[in-house]
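Contents: one structure, followed by commentary.
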Amino acid sequence: MQLRRLLPCALLLVCAAPVGASQRVAVESDQDTLIRLERGWNEAFYHKDLAFIETLLADEFVATYDDGTRGDRAKELALARDFNQQVESAVQDDFVVKVYRDTAVVWFTLNVTGIRQGQRAPLTLRYTDVWVLRDNRWQCVSSQSTRVVER
């Protein structure tokens, strides 16, 4: 008699398990989140989406550009706003992401091809970005780009 009562319950649990497993929402890792934010920043820069870039940059953001100059949050936003170069492609790759609790460092390569004086002009930059997790969202506090010179 006891077995007869338990059998329908056990059958219900076995049948319900695959449904619950298939409805699980994949949780994005910090590494995947940071790569998505970096890619979004790149796209937002070329499309002058200042509102998106503002969400990424911490108030104390500092950038060191490939020519050695530095800029703050306001300069980075102005560069995006005033960008007027013709870009055929801008591809990020070689991502390395290291997370240290609420701080992360992201390294990647940006390969840009644009038009300069009527000619295709490729450019490769290596980036190192430092991110801090605040109020459950990542914000960039520092970015450094270095131009890769062909030898």
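Each value in this text was obtained by applying a stated rule to the coordinates, not by laboratory testing. Quick caveat: nothing in here was measured; it's all calculated off a predicted structure. Neighbour counts run over all protein chains shown; Cβ positions are idealised from the backbone, glycine included.
Beta carbons within 10 angstrom, averaged per residue: use that to sort the peptides 96-105, 83-92, 125-134, highest first.
On the way: 96-105: 13.1, 83-92: 11.5, 125-134: 17.5.
So the order, starting with the most tightly packed, is 125-134, 96-105, 83-92.
Extending 7 Å from Cα along the Cβ direction at Leu50 and again at Ser142 yields two label points whose distance is 2.8 nm. The local environment of Leu133, defined by Cβ-Cβ distances under 14 Å, has a net charge of -1 under the rule Lys, Arg +1 and Asp, Glu -1. The Cβ shell under 11 Å around Asp49 holds other residues with a net charge of 0, Lys and Arg each +1, Asp and Glu each -1.
Summing charges over all other residues whose Cβ lies under 13 Å from the Cβ of Gly114, with Lys and Arg as +1 and Asp and Glu as -1, gives +1.
Between Val149 and Ser29, the modelled labels are 3.6 nm apart [label points 7 Å from Cα along Cα→Cβ]. Distance distribution P(r), region 29-147, all Cα-Cα pairs, bin width 10 angstrom from 0: 13, 46, 33, 6, 1 percent.
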